[in-house]
Amino acid sequence: MNLKELITNGWQMLESMPDDPEGTIAMGKMTSMAQCFVKIFPIRASESMLNDGKASVIKGIHQSLANNQALIEVEDGCNSEGSKYLYSIIKTKINPSGVQYFLRAHIETKVQGIVSEVNGFFEENGQTGIRDSVVYELAVKKGIITPGETNQWMKDPYDASLTRPYMMNMSESKEFDQFFPEHPLTIARKTINSI
């Protein structure tokens, strides 16, 4: 894990809570668009979603989402050290406005039988919905979507036939991260890439 890179990118080490697992590392970061909190702690490999695989994790998330939640992405692979990882990002609509992205990752460690779990909360801060609004207006101007057609704007990234009241929208695609470096979703993705 590259905690040094995170700290040089504005993350601050925080005190872990008394009920956190032993060995927990806690960090926080705030930008003009996001409030972020991450905990990293060890778990038994037998409890890891690495055992389930990407398809099973996607299916489980689909079955457990509330009406104000949407799946953004699930990714797996091996890091530069050859350790397996699997992570998911889910968004939750917050009342009265804004969203929070929850990152959960499991990463193999060099310690037999132990996996690192990452739990991250990345919430919109300040004026909310800027990324959505800018990308939506651009997509309408370019004729990519028709105003009022939600099936063009919102869809599940893994099941095009899925219809839910709340889903990932076009602005949450990775290609737009570069234009919104302080957005909570961009920071969530950068954080898991660093870790």
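The values are calculated or read from the model by the stated rules, or taken from the named source; none is laboratory data. Keep in mind the model is a prediction, meaning the values are calculated, not measured. Cβ placement follows ideal geometry from the backbone for every residue including glycine, while neighbour counts extend to all protein chains displayed.
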**Report entry** Breaking point among (1) hydrophobic (A, V, I, L, M, F, W, C); (2) under 18 Å from the mean Cα position of the chain (by Cα); (3) farther than 19 Å from ASP159 by Cα, for ALA70
**Finding:** (3)
Report summary line: From the option list MET33, MET17, MET27, single residue qualifying as within 26 Å of ILE94 (Cα to Cα), touching an Asp or Glu at 6+ places or on another chain (Cβ under 8 Å) and not β-branched (Val, Ile, Thr) is MET33
Query raised in the report: Just checking, which of LYS141, LYS59 is more than 19 Å from GLN35 (Cα to Cα) and at pLDDT below 95?
Result: LYS141
Query raised in the report: Any idea which residue in the stretch 71-85 is farthest from LYS110 (Cα to Cα), counting only those that are among the hydroxyl-bearing types (Ser, Thr, Tyr) and at pLDDT below 95?
Result: SER80
Query - Residue that is at pLDDT below 90 and either among the aromatic types (Phe, Trp, Tyr) or closer than 22 Å to MET168 by Cα (or both), where the choices are ASN68, ASN2, ASN95, ASN9 - result: ASN95
Query raised in the report: Scanning the stretch 175-187 for residues that are under 18 Å from SER88 (Cα atoms) and in contact (Cβ under 8 Å) with a residue 24 or more places away in the chain, which turns out nearest to the chain's Cα centre (by Cα)?
Result: LEU185
**Report entry** Residue in the stretch 144-183 that is modelled with the lowest pLDDT, counting only those that are assigned to a helix (DSSP H, G or I) and surrounded by fewer than 17 Cβ atoms within 10 Å (Cβ to Cβ)
**Finding:** THR150
**Report entry** Residues of the stretch 83-107 satisfying the condition of being crowded, with 20+ Cβ neighbours inside 10 Å and touching a residue at least 40 places away in the same chain (Cβ under 8 Å)
**Finding:** TYR87, ILE89, LYS91, VAL99, TYR101, LEU103, ALA105, HIS106, ILE107
